[in-house]
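Note sheet for the following structure.
The values are calculated or read from the model by the stated rules, or taken from the named source; none is laboratory data. Small disclaimer: the values here were computed from a predicted structure and weren't measured. Cβ: placed from backbone, ideal geometry, glycine included. Neighbour counts: every protein chain shown.
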Amino acid sequence: MRIFFAILAFCLVALVSILGFRGSTFERPPIEIFPDMVRQSKYKAQSESAYFEDRRTDRPVPPGTVHRQYEPGDDDRLEDDHFRTGRVDGEYAEGFPMIVSRSMMQRGQDRYRIFCGSCHGGTGDGQGITVEYGMVGVPDFHTERLYRMSEGEIFEVISDGRGLMGAYKDKLTAEDRWAVIAYMRALQRARLGTEDDVPGAMKAELGL
């Protein structure tokens with residue numbers, strides 16, 4: 001056993017002697033067995049390049065480049081603040097920037113189940129599966145505060161996150177975020193709605 005520890009100590013001393021201590025100054029560079037990408041052959045922002053004629057590493061945007069959230073047919077919407085940010089003249093917008101259709105609701109239900117239901121629950125009561133694993137502070141959509149929150153503010157929360165909730169603008173397109181909000185409103189109406197909210201033509205069908 002003593003021989004083993006003696007050999008181990010010798011190996012450690014030899015290793016340190018050969019490789020040196022990271023960050024120390026030597027006359028010659030130490031031998032690097034695993035450099036771990038300390039030095040990379042890459043250009044840094046706003047540095048000089050001998051490869052390009054103008055000697056700039058930052059290249060002009062190629063003609064025809066489109067926004068990363070571009071969706072075919074949404075050229076005008078990308079200039080619409082209501083659709084893109086949830087605000088109008090700097091204030092949170094009320095309502096939706098498009099007509100809420102059945103297909104939009106179905107899309108919102110699908111995206112909600114994938115991205116929202118695990119925390120907020122299938123009915124929006126804040127009792128998703130994550131709560132069983134210790135998640136705290138998940139809001140209940142059926143509180144008066146969230147029921148009265150404008151659609152524009154909800155859009156901003158989904159986009160940029162708030163509190164413990166992270167941002168989802170990199171996971172959901174703007175149109176999908178609005179679809180999720182439409183489905184969220186449907187969940188709220190299903191829980192908090194009254195008989196007066198039912199259109200007259202449908203009351204007989206529902207036996208009201």
- The number of residues in the range 134-155 that are more than 18 Å from GLY121 (Cα to Cα) and in a loop (DSSP other than H, G, I, E, B) is 2
- Note: among SER118, SER150, SER159, just one is among the polar types (S, T, N, Q), touching an Asp or Glu at 6+ places or on another chain (Cβ under 9 Å) and surrounded by 14 or more Cβ atoms within 10 Å (Cβ to Cβ), namely SER150
- Query: For ARG185, are the conditions met, namely being assigned to a helix (DSSP H, G or I), out of contact with any strand residue (DSSP E or B) (no Cβ under 7 Å at 6 or more places or on another chain) and surrounded by fewer than 17 Cβ atoms within 10 Å (Cβ to Cβ)?
  - Reply: no
- Message: Among the residues in the range 124-137, are any exposed (fewer than 12 other Cβ atoms within 10 Å of the Cβ), more than 14 Å from ASP176 (Cβ to Cβ), under 22 Å from the mean Cα position of the chain (by Cα) and of a type in the set (A, V, I, L, M)?
- Response: yes
- Message: Can you find, within the range 97-115, the residue that is surrounded by the most Cβ atoms within 10 Å (Cβ to Cβ) among those that are part of a loop (DSSP other than H, G, I, E, B) and aliphatic (A, V, I, L, M)?
- Response: VAL100
- Query: Which members of the range 64-84 meet the condition of being at pLDDT 85 or above and over 12 Å from TRP178 (Cβ atoms)?
  - Reply: ASP81
- Verdict on THR123 being of a type in the set (Val, Ile, Thr), in contact with a Cys (Cβ under 9 Å, 6 or more places away or on another chain) and either over 22 Å from GLY86 (Cα atoms) or assigned to a helix (DSSP H, G or I) (or both): no
- Message: Can you find, within the range 1-34, the residue that is modelled with the highest pLDDT among those that are part of a loop (DSSP other than H, G, I, E, B) and of a type in the set (Ser, Thr, Tyr)?
- Response: THR25
- Query: Since LEU172 meets every condition but one in (1) surrounded by fewer than 19 Cβ atoms within 10 Å (Cβ to Cβ); (2) hydrophobic (A, V, I, L, M, F, W, C); (3) in a loop (DSSP other than H, G, I, E, B), which condition does it not meet?
  - Reply: (1)
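Okay, residues lined up against (1) within 20 Å of LEU164 (Cβ to Cβ); (2) in contact with a Cys (Cβ under 7 Å, 6 or more places away or on another chain); (3) touching a residue at least 40 places away in the same chain (Cβ under 8 Å):
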| residue | (1), (2), (3) |
| --- | --- |
| GLY86 | no, no, yes |
| ASP89 | no, no, no |
| GLY95 | no, no, yes |
| VAL100 | no, no, yes |
| TYR112 | yes, no, yes |
| CYS116 | yes, no, yes |
| THR130 | yes, yes, no |
| VAL136 | yes, no, no |
| LEU146 | yes, no, yes |
